[in-house]
Amino acid sequence: MQRLCSLLLYLCGLLIDAFFSETPTKLHANELDRDQYFGTWFFIAAASARPSSLETFTSTDSIMFRMTQSNSPERLQLRAATRLKSGQCVPRSWIYLLTEQSADLATEGRPHMRTELFSAKCPDSIMVKETDEGYQRVLLYSRTLHPAENCISAFKGQASLWDMDEFLLIPRTHSACEFQEP
C-alpha cells in the first residue's frame, strides 16, 4: 500500500510539473527569422547557480549588442559596446556559427561553449542560456533599455526553475557606449 501511495504521489507531481511549469519555448537558431533578431539588443540581467558564473558582469554598467549577418549565411556577427561602471567603453566582437545539425549557436574559437535561445515572457526580449567549461548562466536581452519590472521578475522566476538563484541586474545608469567601426 505504501508503494502504491508513493507511486500516486510521484505521478501527481509529474502532472503538476507538466501543467504548471512555465518552460519557455526553445528557439532553433538555424530556423530563426533573422530579420526579427538582427539589430540592437540591451543586456538586462543574468542568473546562475553560482556567483562565480556572473563575475564577468559585476563591473558592467551596460552592454549594447548588435547582431548582423556575416559574410556567409552560417556565420552571424555579434558586436558589443560595453560601458564599465568606471565609465570606460570596451568594444568586443565574436562570431556565432549556425549548423543544420544543431538548434544551438556555436561560438567561433570556443569549441566547448553552447548557446541556447529561448523565448521570453515579454515582447522584444529573448533569453540566452550559455554553457561552457566551468559555468552555466542565463541572460536576458531586450530591445528596450529599461523593460517593465514584470519582464525582469518573469526572467528571475524562469531562472529559478532552472536552479539559477544567483541574480544580477545590470545597472544601466550611464548612457550606452557607441559601437566602434571594425
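The values are calculated or read from the model by the stated rules, or taken from the named source; none is laboratory data. Since we're looking at a predicted model, the values are computed, not measured. Cβ placement follows ideal geometry from the backbone for every residue including glycine, while neighbour counts extend to all protein chains displayed.
Odds and ends about this structure:
- Pairs meeting the criteria (first residue in region 140-163 and in contact (Cβ under 8 Å) with a residue 40 or more places away in the chain, second residue assigned to a helix (DSSP H, G or I), beta carbons under 8 Å, at least 6 apart or on different chains) are Leu140/Cys151; Leu140/Ile152; Leu140/Phe155; Ser142/Cys151.
- Inspection of region 43-54 finds a residue satisfying the criterion of being surrounded by 13 or more Cβ atoms within 10 Å (Cβ to Cβ), β-branched (Val, Ile, Thr) and either in contact with a Lys or Arg (Cβ under 8 Å, 6 or more places away or on another chain) or in contact (Cβ under 8 Å) with a residue 24 or more places away in the chain (or both).
- Scanning region 116-134 for residues that are of a type in the set (Ser, Thr, Tyr) and modelled with pLDDT under 90 gives a single hit, Ser119.
- Which listed residue, of Ser160, Ser142, is of a type in the set (S, T, N, Q) and closer than 17 Å to Ser62 by Cβ: Ser142
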